[in-house]
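Working notes for the structure below.
The values are calculated or read from the model by the stated rules, or taken from the named source; none is laboratory data. Remember, predicted model here, so these are calculated numbers, not experimental data. Please note: Cβ atoms are built from the backbone with ideal geometry, for glycine as well, and neighbour counts cover all protein chains shown. Side chains included, ligands, DNA and RNA excluded: accessible areas come from the protein's heavy atoms. Shrake-Rupley method; radii C 1.70, N 1.55, O 1.52, S 1.80 Å.
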Amino acid sequence: MDFRTRFPLRLGRPAVDDEVDAELEFHLAMRRRELIARGMSEDDARKAAIERFGDLKRARQECRAIGHQREQRMRLLQYLSELRQDSAFSVRQMIGTPGFSLVAILTLALGIGATTAIFSAVNAVVLRPLPVAEPDRIVEVSEDWRHSGRSNMSAGNFVDTAAAQNVFQSMTATTTVSMTIAREEGAERVIGVRASAGFFDVFGAQPMLGRVFTAAEDEPGREQVVVLSHRFWTRQFGADRGILGRQITIDARPYTVIGVMPASFDFTADAEALWAPIAFTPARRALHDEHYLAVYARLRPGVSLDQAAAQLHTIAEDLRKRFPQDDAERDLSVTPLMETFVGDSRERLFVLLGAVAFVLLIACGNVSNLLLARGAARGRELAVRSALGAGQGRLIRQLFTESVVLGLAAAVVGVALARGLIALLIAYSPAGVPRLEQAHLDATALAFAVGLALAASIIFGLVPAWRAAKTDINTTLKEAVRGAGARGARDIVRSALIAVEVALALVLLVGAGLLIRSAVETQRVPLGFDARGVFTGRVSLPAVKYPTATALMQATQRIEDAVGALPGVTIAAMASNVPGVGTFSNGLVPEGEAAELRNVRQSMARFVNPGYFQAMGLPIVKGRGFQPADRDGAPLVMVVNQTLAQRLWPNQDPIGRRVNGSSGKEPKTVIGVVADVRFEGPAGPVDPEFYQPLAQLEDVAWEWTRRTLFVVARTDGDPAALGPGVRRAIAAVDPGVPLYSVRTMEERMAVTLQTARFNTVLLVILGAVGLLLAAVGIYGVIAYFATQRTAEIGIRLALGASRGNVLKLVVRQAAVPVAAGVVLGALGAAFASRAIASQLVNVRANDPVTFLAVAAVLALIALLAALIPARRAAALDPTIALQA
């Protein structure tokens, strides 16, 4: 007997489940009868049957689980089969329409390649962690002064802070110095770091060879040991593993090599070449002035940045009480190392990344419009598929697969393009961007490119796929027979895409326009001196050979005389700094005011020889410059610039007035006023500055200069040609003093604008690409509209409409989305331009002239892009149009 006839199915449950339940109940009843027939009591038979029922129920559950897994596998196999079919069909579609595919792939590849290249730079500079242990626990400790913000620390403040704190696992003070390495073929200048013990503990770095210096070696008299960088070890010593224990001569003193760091510790291409102990003397440890140390620390496990900042604030309060003369206006702050390491490169790179993302979005809009047009052309095909049983989901999946295949093909081309763009980016980028040379197409960049291609596929493919799949079958088939253009003419989606493209292009062009205007304004900014015909180079005088201020001044004068005697040199001079090179500041207090920090006017210090003002073409606007008589033993004098004179004595004559240093030393008399100089280049500010004669410097002031001076020579000829002669002249004075950092003054000023020019050029290129893509998009959409309305245009012409009326009709189709895009783009640019406000010189971020000019240019280009298909439509023969 079939159990299904005896135990009918219950309503409301799946048939398969009911059949299984009925079978179990049937077996339960039969088992109970069998056991009773064998003489078992009814209760025992029921219990035994229930146990049997449990076994069957478990078997049933296992069967259902197996069936569910089998069903899932079948669905997955079916989906993979359909995906393979869709992918193969998509490839055939691309091959069958090579023109469409080539345009779409190249358009997308341009956006993907540019975005991937900039992302590679962002990843190398900003996102990639430093190659040290737990880099998020490394911080920089700085002094905060109310007059000048964050600054370096003094040796006394560092020593006292290190002794009082308990939030840091280790702490180190460093100063970057230029060192002279003696070689058989001549002296070489390298950048090194002098650091206190604990430097390598802070950075969690272990040497590749040997060891690092200890606290015992960080003491005066025992500090002549050195650790080499991997780059310097390889270049200078040919990666000789027997270097340990050898002596090298640094600044005329022998140093023993005790270790070599691994290649990963070379953070950047221009990182320091070696490390040596700083070895504070007892006098330096007690000195709370001279704030020149960069201090780094490693947080203890479990200590937060806020906890460290709170304790440093408490320590700063104690320092202010103990040393009011030096620390009354100072606090202590803590900053993550990565933030200070990257600096303002983060903001600039993210601005560029946003710009190329706009280009990619414009490219996606273009491809989306292409797919919409192709979707309309394939309307009959999709309608037939739908009529034969394909659901909307199946059609969307097919069309979306085509978009993904197109995006991945564009990614392949884009990655190849990105490789070349990265090489160009590294080659032509401005100096000073940390780790940019490490940008390359690694696994992260490739994953980003693939993810970008998939995201772009969603952006440009989803709407056309959904739009095509939602098409009514009957309507599409009827339109396919009679040809219809009305719906295409009223296509809001395509118009919206054009508006978005125009808006994005406008944002890019406004940014480029603002930077162009800023570059033009920069050329009009007076430098304050004559940079033409000026040669500059740098020398460093070692303490071993020149231990006193007198010895230093004598060597300086000999070098100046030797260079001044060269053919073609009209005048030579020596100076602690020249425009375009980093400087240091010093506090000044006008005579009559208490020498307290609250009265200090922070100013930039320049130490120069008498011929400096003439050599630099720096005019003296009042009083006089320095003379040979202004030397050691004579009354102390100084020259101030116009800004400092106005700040110290507003609307008064500064000549003859006296100024004290913040430490209350002998006052100096102002003997002259020179023109303001934009020391950081045309885009930089005018700082308050004062000049002192080199001949009147104390020993401690020479330490501020690191015993490093610039040779300045003015010539009537080519200043770049003076290099070899200046080197020979210096070698005649002291063969162990190399000349380095050789540049003309015009080159130094150009370097100050290098970053701004690079960003301007890059944004202009991106803006031009965005404008071109937007114009191509407008042309394509208007051409499609005109084609869709061929029959309508023919009727209008046949009924007497003029060519001009048809021209207006078609152009008006582009005018509305373009106008909407201009309005949206202007609003977006008003917000986006704030991101580059800090890069602008004498130009406001919301400059109306730039906005109006860019909007006019964009509208004109859009009009020209629309006119070409409009003229073609107006030239139609009505008879041919009606026949079509």
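Ellipticity at 222 nm from helices only: DSSP H runs of n ≥ 4 in the chain, each -39500 (n - 2.57), divided by the residue count, give -18000 deg cm²/dmol. Considering only beta bridges that DSSP places wholly inside the chain, some 80 percent are antiparallel.
The value of relative contact order for the range 268-335, using C-alpha pairs under 8 Å at least six residues apart, is 28 percent.
Looking at the square roots a ≥ b ≥ c of the eigenvalues of the Cα gyration tensor of the range 213-254, which shape do they give, rounded for a/c under 1.5, prolate if a/b is larger than b/c, or oblate? Prolate, since a/c reaches 1.5 and a/b exceeds b/c. Less than 5 angstrom separates the built amide H of Gln169 from those of Arg298, Leu299, Arg300, all sequence-distant by 5 or more or on a different chain. If you take all other residues with their beta carbon under 14 Å from the beta carbon of Asn123, and give Lys and Arg +1 and Asp and Glu -1, the sum is +1. Taking GluC sites (Glu not before Pro) across the range 689-775, the ones in a DSSP loop with at most 12 further Cβ atoms lying within 10 angstrom of their Cβ are Glu698. Using a probe of 1.4 angstrom and keeping all protein chains present, the accessible surface of the chain works out to 46 square angstrom per residue. In order along the range 159-169, the phi-based Karplus estimate (6.51 cos²θ - 1.76 cosθ + 1.60, θ = phi - 60°) of 3J(HN,Hα) comes to 4, 5, 5, 4, 6, 8, 7, 9, 9, 10, 6 Hz; Gly and Pro are listed as x. With θ taken as phi - 60° and the Karplus curve 6.51 cos²θ - 1.76 cosθ + 1.60 applied, the whole-hertz 3J(HN,Hα) list for the range 862-875 is 4, 4, 5, 5, 7, 5, 4, x, 5, 5, 5, 5, 5, 8 Hz, x standing for glycine and proline.
When only Cα pairs below 8 angstrom with a gap of at least 6 residues are kept, the chain shows a relative contact order of 15 percent. Beta-bridge orientation, the range 579-724: approximately 60 percent antiparallel, per DSSP, counting only bridges with both partners inside.
Using a 10 angstrom Cβ neighbour count of at most 12 plus a DSSP loop assignment to flag exposed trypsin sites (Lys or Arg not before Pro), which longest range of the chain is free of such sites? The segment 247-469 is the longest one with no such site.
Here the Karplus relation 6.51 cos²θ - 1.76 cosθ + 1.60, evaluated at θ = phi - 60°, turns the backbone of the range 30-39 into coupling constants of 5, 5, 5, 4, 4, 5, 5, 5, 7, x Hz, with x for every Gly and Pro. Against the criterion of solvent-accessible heavy-atom surface with a 1.4 angstrom probe, Met261, Met604 sort, most first, into Met604, Met261.
The residues packed around Pro619, meaning those with a beta-carbon under 13 Å from its beta-carbon, carry a net charge of 0 if Lys and Arg are +1 and Asp and Glu are -1. Starting from the Cα gyration tensor of the range 678-746, take the square roots of the eigenvalues, sort them a ≥ b ≥ c, and report rounded, prolate or oblate (rounded when a/c is under 1.5, otherwise prolate if a/b is larger than b/c, else oblate). Since a/c reaches 1.5 but b/c is at least a/b, the shape of the range 678-746 is classed as oblate. Residue order by solvent-accessible surface for Met616, Met74 is Met74, Met616, largest first, with ligands and nucleic acids left out and a 1.4 Å probe.
In whole percent, and with a 1.4 Å probe on the protein chains, what portion of the accessible area of the chain is carbon and sulfur? C and S atoms contribute 58 percent here.
Calculated FRET efficiency, Ala853 to Ala496, Cβ-Cβ distance, R0 = 30 Å: about 0.70 to the nearest 0.05.
Loop-resident GluC sites (Glu not before Pro) (DSSP state other than H, G, I, E or B) in the range 176-252 with no more than 14 further Cβ atoms inside 10 Å of their Cβ: Glu184, Glu185. Under the convention that each Lys and Arg Cβ holds +1 and each Asp and Glu Cβ holds -1, the size of the dipole of the chain around its Cα centre is about 3680 debye. Set against the labelled values (i) 46.0; (ii) 59.6; (iii) 37.8, mean projected area of the Cα convex hull in nm² computed from this structure falls on (ii). Packing, as the average of other Cβ atoms within 10 Å across residues, places the peptides 730-738, 858-866 in the order 858-866, 730-738, highest first. For Leu867, the solvent-accessible surface with a 1.4 Å probe is about 50 Å², rounded to the nearest 10. Taking a ≥ b ≥ c as the square roots of the Cα gyration tensor eigenvalues, with a/c under 1.5 meaning rounded and otherwise prolate when a/b beats b/c, else oblate, which class fits the range 111-217? Oblate, since a/c reaches 1.5 and b/c is not below a/b.
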